C-alpha cells in the first residue's frame, strides 16, 4: 500500500466512551462490570483540514472490559481494558492486539441531590504503536494498523449529576482535560440524560465534543492524534435482567455538528454488552 491513510481514531475511539461520566461514586465494596463488543466500518476519512476523503473501507472490532469498584464511600477505582482490537482495511489482512489500558481513581466531592466527582485517569501505551498488515494483493506492501498511539495520557475529569427522583430520569454533565506526554493536549466535554421505562428498560442519550490545543499540524503521522477533533452522539438501550444483570445495545455517531471532524473517520459505531451491578 503506497499511501498510508491516517486513521487516528484507532487509539482513542472507544477508550473515551467506555463508560458514562457522572457525579456518582460507587460505595464501599460495590462493583460494576461490563464486557463489550464494538464494531465499525467506514470509508469516510476527514483530513486534518476537515475535508472528506474516500478511502478503502476500514473496519475495527474491539473486545473490551470495563469495571468500577468502591474503595470506600468517597473513592472508587475504575478501569477500561481493550482486551483485543482487530483492525483491517478492505484490501489488507487483519491484525490484532491489545489496546491502551485506562485506569482511574474517582473522588466524591459532594453527595446529595447534585453529586459531583473529580477523576484522575491514566491511559497507558499498552497497545503496540506499530502493527503491520500486508496488502492482500501485494504482500510486499504493508500498512501500520496500530492498536495504540505510543503515548501516555493523564485525564482530569469533573462531573456533576442530578436525579429527578421519584421520576425515573437523570442528567449529567462533565468536562475533562487530557495532558499528553508526546502530543498536543486535549479537552473534552459532554452531557448525558437517561430515562427508565417500565422499571426495566433504560434509554440513554449522550452528546460529546473533543478538540486539541496547539497549532493544527500540516502533516499528520497516522500513529499520532495531533489535530484530532469531533462531535459525537450516542443512543443506548439497556434492559435489566433480574436484580444484577443487564444487556445493552449502543449506537454512536461521529459527526461535525459542533466541532468539525478532523483526522478521523465519520463512523457509525455499534456495541453490544452485558452488565453486572452489585450494590448495597
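The values are calculated or read from the model by the stated rules, or taken from the named source; none is laboratory data. Small disclaimer: the values here were computed from a predicted structure and weren't measured. Positions of Cβ are backbone-derived with ideal geometry, glycine not excepted, and every protein chain shown enters the neighbour counts.
What the table shows:
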| item | result |
| --- | --- |
| Qualifying residues in region 62-76 (those that are surrounded by fewer than 17 Cβ atoms within 10 Å (Cβ to Cβ) and farther than 18 Å from residue 250 by Cβ) - the one nearest to the chain's Cα centre (by Cα) | 75 |
| Count of region 165-190 residues which are out of contact with any strand residue (DSSP E or B) (no Cβ under 6 Å at 6 or more places or on another chain) and either assigned to a strand (DSSP E or B) or free of Cβ contacts under 8 Å to residues at least 12 places away in the same chain (or both) | 3 |
| Region 167-188, residues that are buried (at least 17 other Cβ atoms within 10 Å of the Cβ) and under 19 Å from residue 214 (Cβ atoms) | 176, 178, 180, 183, 184, 186, 188 |
| All positions within region 21-61 that are outside any strand (DSSP E or B) and surrounded by fewer than 17 Cβ atoms within 10 Å (Cβ to Cβ) | 27, 28, 29, 30, 47, 49, 50, 51 |
| Residue match in region 66-76 (condition: part of a strand (DSSP E or B) and under 23 Å from residue 228 (Cβ atoms)) | yes |
| Whichever residue in region 236-254 is under 15 Å from the mean Cα position of the chain (by Cα) and surrounded by 14 or more Cβ atoms within 10 Å (Cβ to Cβ) and, among such residues, is farthest from residue 52 (Cα to Cα) | 236 |
| Those strands (runs of 3 or more DSSP E) lying entirely in region 91-156 with at least 2 residues modelled with pLDDT of 95 or more, surrounded by 14 or more Cβ atoms within 10 Å (Cβ to Cβ) and touching a helix residue (DSSP H, G or I) at 6+ places or on another chain (Cβ under 9 Å) | none |
| Meets criteria (assigned to a loop (DSSP other than H, G, I, E, B) and either touching a helix residue (DSSP H, G or I) at 6+ places or on another chain (Cβ under 9 Å) or surrounded by fewer than 15 Cβ atoms within 10 Å (Cβ to Cβ) (or both)) for residue 87 | no |
| Scope region 132-163; condition more than 18 Å from the chain's Cα centre (by Cα) and within 30 Å of residue 193 (Cβ to Cβ); matching residues | 160, 161, 162, 163 |
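For (1) surrounded by 17 or more Cβ atoms within 10 Å (Cβ to Cβ); (2) at pLDDT 95 or above; (3) under 15 Å from the mean Cα position of the chain (by Cα); (4) more than 24 Å from residue 38 (Cα to Cα), each residue gets a yes or a no:
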position: 165; (1), (2), (3), (4): no, no, no, yes
position: 199; (1), (2), (3), (4): no, no, no, yes
position: 206; (1), (2), (3), (4): yes, yes, yes, no
position: 211; (1), (2), (3), (4): yes, no, yes, no
position: 263; (1), (2), (3), (4): yes, no, no, no
position: 275; (1), (2), (3), (4): yes, yes, no, no
